[in-house]
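I have placed the structure first, in the form of structure tokens, so that the comments after it can refer back to it.
The values are calculated or read from the model by the stated rules, or taken from the named source; none is laboratory data. This structure is a prediction, so every number in the text was calculated from the model and none was measured. Don't worry about glycine lacking a Cβ; one is built from the backbone with ideal geometry, like all the others, and counts go over all protein chains shown. Quick note on the areas: whole protein, heavy atoms, side chains included, nothing else; ligands and nucleic acids left out. Shrake-Rupley method; radii C 1.70, N 1.55, O 1.52, S 1.80 Å.
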Amino acid sequence: MMVLSCPWCGPRNATEFRYGGENHSRPDPNTATAQEWRRFLFMKSNPLGPVQETWYHRAGCRKYFSVERDTGTNENRPLGADR
């Protein structure tokens, strides 16, 4: 069982959350090429080790937040609120 720590609700079972993806900067819509948009939307790096991700607490406070999660061990810590 994977446990995520919500900054508002505390540690909860991961089934209460929805994965929002890796945190990376969005391309500028006025200057980005189609290839840059494709890479931003569909290409995920999926490294082994610490990754910054966005999660949504759908069965709790219904807020988005950032987590640093080790993809090898699933150890995580909240980085803060996003929205």
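Quick notes on this one:
- Using 0.36 nm per residue and subtracting the Cα-Cα separation, the extra length available between F40 and H24 on full extension is 4.9 nm.
- Full-stretch length increase - L48, K63 - with 0.36 nm per residue and alpha-carbon distance subtracted: 2.7 nm
- Using θ = phi - 60° and Karplus 6.51 cos²θ - 1.76 cosθ + 1.60, couplings along region 26-41 (whole Hz; Gly, Pro as x): 7, x, 5, x, 7, 10, 6, 7, 4, 5, 5, 5, 4, 4, 5, 7
- Amide H to amide H distances under 5 Å link V51 with R69, D70, T71, where only residues 5 or more positions off or on other chains count and H is placed in the peptide plane.
- Carbon + sulfur, % of accessible area of the chain - ligands and nucleic acids excluded, 1.4 Å: 49 percent
- Residue-count net charge about L4 - beta-carbon cut-off 12 Å; Lys, Arg +1, Asp, Glu -1: +1
- Solvent-accessible heavy-atom area per residue, rounded to whole Å², over the chain at 1.4 Å: 69 Å²
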